[in-house]
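Trainee: Sharing a structure here in C-alpha coordinates format.
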Amino acid sequence: QVQLVESGGGLVQPGGSLRLSCAASGILFSAYDMGWYRQAPGKQRELVATITRAGSTYYPDSVKGRFSISGDNANNTVYLQMISLKPEDTAVYYCNAKLLMIKRDYWGQGTQVTVSS
(Lines give C-alpha, C1' and ligand atoms only; values in the text may rest on other atoms or scores of the structure.)
Protein backbone atom coordinates (compact mmCIF):
# COMPACT_ATOMS: atom_id res chain seq x y z
CA GLN A 1 0.00 0.00 0.00
CA VAL A 2 1.43 3.34 -1.05
CA GLN A 3 1.36 6.15 1.48
CA LEU A 4 2.62 9.71 1.31
CA VAL A 5 2.29 11.43 4.67
CA GLU A 6 2.90 15.15 4.89
CA SER A 7 3.73 17.00 8.08
CA GLY A 8 5.11 20.35 9.21
CA GLY A 9 2.30 22.67 8.22
CA GLY A 10 0.89 25.30 10.53
CA LEU A 11 0.36 28.97 11.17
CA VAL A 12 3.28 31.32 10.56
CA GLN A 13 3.65 35.08 10.36
CA PRO A 14 4.57 36.82 7.12
CA GLY A 15 8.31 36.62 6.61
CA GLY A 16 8.52 33.42 8.60
CA SER A 17 9.71 29.95 7.66
CA LEU A 18 8.39 26.41 7.66
CA ARG A 19 9.73 23.06 6.61
CA LEU A 20 7.32 20.49 5.25
CA SER A 21 8.12 16.80 5.23
CA CYS A 22 6.64 13.98 3.17
CA ALA A 23 7.36 10.44 4.28
CA ALA A 24 6.79 7.85 1.57
CA SER A 25 6.15 4.14 1.98
CA GLY A 26 5.16 1.37 -0.36
CA ILE A 27 7.20 2.71 -3.29
CA LEU A 28 10.79 2.49 -4.44
CA PHE A 29 11.39 6.08 -3.40
CA SER A 30 14.64 6.58 -5.31
CA ALA A 31 12.94 5.73 -8.61
CA TYR A 32 10.28 8.40 -8.35
CA ASP A 33 10.17 12.07 -9.26
CA MET A 34 8.80 13.93 -6.24
CA GLY A 35 6.92 17.17 -6.07
CA TRP A 36 5.05 19.60 -3.88
CA TYR A 37 1.84 21.24 -5.00
CA ARG A 38 -0.54 23.60 -3.27
CA GLN A 39 -4.17 24.54 -3.51
CA ALA A 40 -5.69 27.68 -2.07
CA PRO A 41 -9.45 28.02 -1.54
CA GLY A 42 -11.24 28.65 -4.83
CA LYS A 43 -8.07 28.10 -6.88
CA GLN A 44 -6.62 25.29 -8.91
CA ARG A 45 -3.86 23.11 -7.56
CA GLU A 46 -0.48 24.47 -8.63
CA LEU A 47 3.04 23.16 -8.70
CA VAL A 48 5.52 24.69 -6.25
CA ALA A 49 8.57 22.45 -6.54
CA THR A 50 9.81 19.24 -8.10
CA ILE A 51 12.89 17.11 -7.74
CA THR A 52 13.69 14.36 -10.20
CA ARG A 53 15.22 11.04 -9.26
CA ALA A 54 18.46 12.44 -10.67
CA GLY A 55 18.26 15.37 -8.27
CA SER A 56 17.27 18.13 -10.69
CA THR A 57 14.93 20.71 -9.22
CA TYR A 58 12.37 23.09 -10.64
CA TYR A 59 10.48 26.01 -9.12
CA PRO A 60 7.95 28.37 -10.63
CA ASP A 61 8.76 32.07 -10.44
CA SER A 62 6.24 32.57 -7.64
CA VAL A 63 8.42 30.65 -5.15
CA LYS A 64 11.88 30.71 -6.74
CA GLY A 65 14.47 31.87 -4.27
CA ARG A 66 12.15 31.27 -1.30
CA PHE A 67 11.33 27.55 -1.48
CA SER A 68 13.78 24.68 -1.65
CA ILE A 69 12.99 21.01 -2.25
CA SER A 70 15.28 18.19 -1.18
CA GLY A 71 15.09 14.44 -0.94
CA ASP A 72 16.50 11.89 1.47
CA ASN A 73 16.59 8.49 -0.18
CA ALA A 74 17.83 6.81 2.99
CA ASN A 75 14.67 7.85 4.84
CA ASN A 76 12.23 7.91 1.90
CA THR A 77 11.42 11.52 2.67
CA VAL A 78 11.12 14.69 0.63
CA TYR A 79 11.26 18.12 2.22
CA LEU A 80 10.09 21.58 1.27
CA GLN A 81 11.92 24.38 3.03
CA MET A 82 9.97 27.62 2.79
CA ILE A 83 11.35 31.01 3.82
CA SER A 84 10.11 34.59 3.50
CA LEU A 85 6.56 33.33 3.52
CA LYS A 86 3.81 35.57 2.24
CA PRO A 87 0.04 35.54 2.89
CA GLU A 88 -0.45 34.38 -0.70
CA ASP A 89 1.46 31.20 0.16
CA THR A 90 -1.50 30.16 2.29
CA ALA A 91 -2.83 26.86 0.95
CA VAL A 92 -3.04 23.14 1.50
CA TYR A 93 0.29 21.67 0.43
CA TYR A 94 0.34 18.24 -1.18
CA CYS A 95 3.16 15.80 -1.75
CA ASN A 96 3.28 13.95 -5.08
CA ALA A 97 5.24 10.95 -6.34
CA LYS A 98 5.40 10.22 -10.06
CA LEU A 99 6.88 7.41 -12.09
CA LEU A 100 5.55 8.09 -15.58
CA MET A 101 7.20 5.07 -17.17
CA ILE A 102 4.74 2.82 -15.37
CA LYS A 103 1.99 5.45 -15.07
CA ARG A 104 2.15 5.76 -11.32
CA ASP A 105 1.02 8.99 -9.70
CA TYR A 106 0.44 9.19 -5.96
CA TRP A 107 -0.73 11.99 -3.67
CA GLY A 108 -0.61 12.67 0.03
CA GLN A 109 -3.52 13.94 2.06
CA GLY A 110 -2.17 17.47 2.35
CA THR A 111 -1.02 19.75 5.13
CA GLN A 112 -2.35 23.24 5.77
CA VAL A 113 -0.02 26.21 5.67
CA THR A 114 -1.43 29.53 6.82
CA VAL A 115 0.59 32.73 6.60
CA SER A 116 -1.04 35.45 8.63
CA SER A 117 -0.29 38.04 11.26
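The values are calculated or read from the model by the stated rules, or taken from the named source; none is laboratory data. Since the structure is predicted, the reported quantities are computational estimates derived from the model, not experimental observations. Heads up, the Cβs are rebuilt from the backbone with ideal geometry, glycines too, and the neighbour counts pull from every protein chain shown. What goes into the accessible areas is simple: the full protein's heavy atoms, side chains included, and nothing from ligands, DNA or RNA. Shrake-Rupley method; radii C 1.70, N 1.55, O 1.52, S 1.80 Å.
Trainee: Leaving ligands, DNA and RNA out of it, rank Arg38, Arg19 by accessible area with a 1.4 Å probe, largest first.
Mentor: Listed by decreasing accessible area, they come as Arg19, Arg38.
Trainee: What does the highest-first list of 1-8, 54-61 look like by mean Cβ count within 10 Å?
Mentor: 1-8, 54-61
Trainee: Heavy-atom accessible area per residue, the chain, 1.4 Å probe: how many Å²?
Mentor: 54 Å²
Trainee: Below 8 Å between Cα atoms, with a sequence gap of 6+, how large is the relative contact order for the chain in percent?
Mentor: Reported as a whole number, the value is 35 percent.
Trainee: Can you tell me the dipole magnitude for the chain around its Cα centre, using point charges on the Cβ only (Lys, Arg +1; Asp, Glu -1), in Debye to the nearest 20?
Mentor: So the magnitude is around 120 debye.
Trainee: Just want the answer: with Cβ charges of +1 for Lys and Arg and -1 for Asp and Glu, which residue in Pro41, Val113, Val63 is farthest toward the dipole's positive end in region 25-117?
Mentor: Of the options given, the answer is Pro41.
Trainee: Leaving out ligands, DNA and RNA, what percent of the accessible area of the chain is carbon and sulfur, probe 1.4 Å?
Mentor: Carbon with sulfur: 49 percent of the solvent-accessible area.
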